[in-house]
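**Student:** I'd like to ask some things about the structure below.
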Amino acid sequence: MQFGRYYEEFEVGAVYRHWPGKTVTEYDDHLFCLLTMNHHPLHMDAHYAETASQFKRNVVVGNYIYSLLLGMSVPDVSGKAIANLEVESLRHVAPTFHGDTIYGETTVLDKRESGSKPDRGVVSVETRGYNQDGTMVCVFRRRVMVPKREYAASAVPEGVDPERPSFPEPR
């Protein structure tokens with residue numbers, strides 16, 4: 001299975017559907033909130049959410065959904081990346097709740113060769129996240145620097161498959 005793409009393998013307009021989806025649990029949401037010190041009661045306090053919010057239940061913290069979608073896109077988009085250069089936009093367009101399943105897809109918007117280094121290019125993509133009902137919950141655009149195939153191959157010692165690293169023999 002391929003992990004990521006070289007510059008030449010991206011085609012403007014191509015859509016990559018990321019699989020599998022991820023069902024978001026209360027545990028996932030609370031752990032992410034605690035790890036990132038986001039203790040807003042809308043995410044952590046069921047009573048508060050029920051009595052003081054328009055949704056009447058906890059809302060999953062948006063940065064978790066963004067992070068989830070970013071991670072889902074790695075095998076298709078940035079698995080060979082030299083660098084993630086920029087997130088140029090990020091919108092949370094609908095709430096996500098505990099028990100929702102998130103699916104993602106990415107469209108290639110543009111690509112250009114690097115002006116300073118001939119061994120790489122920059123690819124612009126848009127990733128969209130949907131819940132199990134098909135409602136879009138998050139959309140973001142980013143730029144990724146990826147290597148060109150011919151240069152990546154010449155940087156690897158002969159006999160080494162960069163797609164399958166070798167491991168030491170067990171003792």
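The values are calculated or read from the model by the stated rules, or taken from the named source; none is laboratory data. The shown structure was predicted, so the numbers you read here are calculated from the model rather than taken from an experiment. Every residue, glycine among them, receives a Cβ derived from its backbone with ideal geometry; neighbour counts consider all protein chains shown. Only protein heavy atoms, including side chains, enter the accessible area calculation; ligands, DNA and RNA are left aside. Shrake-Rupley method; radii C 1.70, N 1.55, O 1.52, S 1.80 Å.
**Student:** Just one of (1) within 13 Å of VAL77 (Cα to Cα); (2) surrounded by 13 or more Cβ atoms within 10 Å (Cβ to Cβ) trips up GLN2, so point out which.
**Tutor:** In the conditions (1) within 13 Å of VAL77 (Cα to Cα); (2) surrounded by 13 or more Cβ atoms within 10 Å (Cβ to Cβ), GLN2 misses (2) alone.
**Student:** Scan segment 96-122 residue by residue and report those that are open to solvent by less than 30 Å² (accessible area, probe 1.4 Å) and touching a helix residue (DSSP H, G or I) at 6+ places or on another chain (Cβ under 7 Å).
**Tutor:** Within segment 96-122, THR96, ILE102, GLY104, THR106, GLY121 meet the criteria.
**Student:** May I pose another question? Quick one: ASP29 ticks every box in (1) assigned to a helix (DSSP H, G or I); (2) open to solvent by 70 Å² or more (accessible area, probe 1.4 Å); (3) of a type in the set (D, E, K, R) except a single one, so which number is it?
**Tutor:** (2)
**Student:** Here are the criteria: (1) open to solvent by less than 80 Å² (accessible area, probe 1.4 Å); (2) in contact with a strand residue (DSSP E or B) (Cβ under 8 Å, 6 or more places away or on another chain). Tell me which single one HIS92 does not satisfy.
**Tutor:** Exception for HIS92: condition (1).
**Student:** Now, a different point. I want to confirm something. Restricting to segment 32-57 and keeping residues that are part of a loop (DSSP other than H, G, I, E, B), more than 21 Å from the chain's Cα centre (by Cα) and not acidic (Asp, Glu), which single residue is farthest from THR96 (Cα to Cα)?
**Tutor:** Here the answer is MET37.
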